[in-house]
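One structure is given below, encoded as structure tokens.
The values are calculated or read from the model by the stated rules, or taken from the named source; none is laboratory data. Quick caveat: nothing in here was measured; it's all calculated off a predicted structure. In this analysis, Cβ positions are derived from the backbone assuming ideal geometry, glycine residues included, and neighbour counts consider all displayed protein chains. Heavy atoms of the whole protein, side chains included, go into the accessibility calculation; ligands, DNA and RNA do not. Shrake-Rupley method; radii C 1.70, N 1.55, O 1.52, S 1.80 Å.
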Amino acid sequence: MCYLSLFSWNCNSTSCVSWPIIIIIYYNMLCYVMLSDVCISCEMVLVPAAWLYGDPRHVLYPRNSTGMFCGVGQNNDKPSVMYFDIIKCATATNIMAAALQGLQCPTTQVPDLLEPLHLQLKMCVCMFVCVCVCVCVFRALGHMMSTLFYPIVTFVLLLVCVSYWGITALYLATSGAPFYKVVAMNTSQSGCSVIRANETCDPEYPTCPSARCVFINYNTEGLFQRNLFNLQIYNVFAFLWCVNFVIALGHCTLAGAFGSYYWAFSKPADIPTFPLIQSFMRALRYHVGSLAFGALILTLVQIVRIVLEYLDHKFKEAQNPCTRFIMCCLKCCFYCLEKFIKFINRNAYIMIAIYGKNFCVSAKNAFSLLMRNIIRVVVLDKVTDLLLFFGKLLVVGGVGVLAFFFFSGRIQTPGTTFETAALNYYWMPIITVVFGAYLIAHGFFSVYNMGVDTLFLCFLEDLERNDGSPEKPYFMSKNLMKILNKKNKAPKTS
């Protein structure tokens, strides 16, 4: 007798030992035969169908929206596919064509797999060009050291503008004659009978010693006194206009100096004498109107921003979330508009200094030139920002460390004229010195930044206008010509 246990096999005699094993073997063989027959039958149907209807090119090659393989057959020279014109997916102008294409988005073939490599090479060339332009600015500063001191002129002119605005605002705020009235007197005294109470009076009353003439307020009657607020607004407008004009004059002057350096064919022999002074005189003689017009456009935008800030401060408590959102959007839009106008004005002043055309034409030409070379513009902007950041950080950090060691008494100074130990709080003079160092560094590095922008625009103009022939030679440096694989052709000799 045999029985099957869940965990073990138990037998009462030796003759029954093989029966469970035989049953299991037969069962496994039956299952294997059934499984193998089903699988083989399915494979016999599946494999021919796969080879008949399948196409491994779907894995090896991409397909465009028309069902054609890229890199095979008609598209043998076009191995890649790119989705780039999403507007064509709308197909609102030709519904029949969209239906014939299976309502799919049309794509464009890319004929070259090396396109990403070409883009990387262009970026590398742009990087080398930008670095070379920055090096050329250092050379220009070495030949025109006077440009480094022009921020002092700008600072003096800005100081004059600020002083004039402050004095004018003070006189406007205190305009109007003082207004006095009689508030107390004794009419029984001699000489006081002709004076009445609450009437205007003069502070001195020699005929009535008991009368008190008290100041009430300033006179607000009259056309001038009633428009003091409007006059203050005009004073602010004039102040912003003058400040922007002074900054524009500085940009045009520096651009003219650096432009004269770039367009000198033989450097430094062809650089004019006193280029900064000549550029300053040209700007005052020929370009004052264009500079004032550019400054006026920027001033109008700044006035709108000031009005928005005033309204936001005035009605801040009464605003709901919707009005706050609208006000925030308006302030953000006008902030971006101001930055954009500053960018346009800066490059327009460079074109004015180079070609002498009016503001509108110069702004259009500068913007078009930059948009045709947008990749170079972006790379140059980032490289310049990085150099200026590290330059300012080095100057301000070095001055801050020296100021800390000096005012904290760690650097002993000869003599007894200044006692560092007598300072109760030495962090305040350190912060003052660091702030002043930043302003000075910003002023002098702005000259370098203007030089980079000017030489870059001159370089772009040089590439577009000249071809290296004897009639139109390149004015760029030899390093730039080497990077761009350009060269000037030697003039033909008879």
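What to note about this one:
- Modelled FRET efficiency - R0 35 Å, residue 339 with residue 318, Cβ distances, 0.05 increments: 0.70
- Segment residue 432-residue 465, length gained on full extension (0.36 nm per residue, minus Cα span): 6.9 nm
- Around residue 260: net Lys/Arg minus Asp/Glu count, Cβ-Cβ under 12 Å: +1
- Under-18-angstrom lysine pairs by C-alpha in segment 274-417, whenever the two are 8 or more apart or on separate chains: 9
- Charge sum, other residues only, whose C-beta stays under 13 Å from residue 299's C-beta, Lys/Arg counted +1 and Asp/Glu -1: +1
- With every protein chain in place, segment 137-179: carbon and sulfur % of accessible area (1.4 Å): 82
- Eligible lysines near residue 489 by straight Cα distance, threshold 26 Å, same-chain separation 8 or greater: 122, 267, 472, 478
- Potential extension, residue 472-residue 234 segment - 0.36 nm per residue separation minus Cα distance: 80.6 nm
- Carbon + sulfur, % of accessible area of segment 335-494 - ligands and nucleic acids excluded, 1.4 Å: 65
- Modelled FRET efficiency - R0 25 Å, residue 269 with residue 145, Cβ distances, 0.05 increments: 0.90
- In order through segment 331-339: 3J(HN,Hα) via Karplus (6.51 cos²θ - 1.76 cosθ + 1.60), integer Hz, x for Gly, Pro: 5, 5, 5, 6, 5, 5, 5, 5, 4
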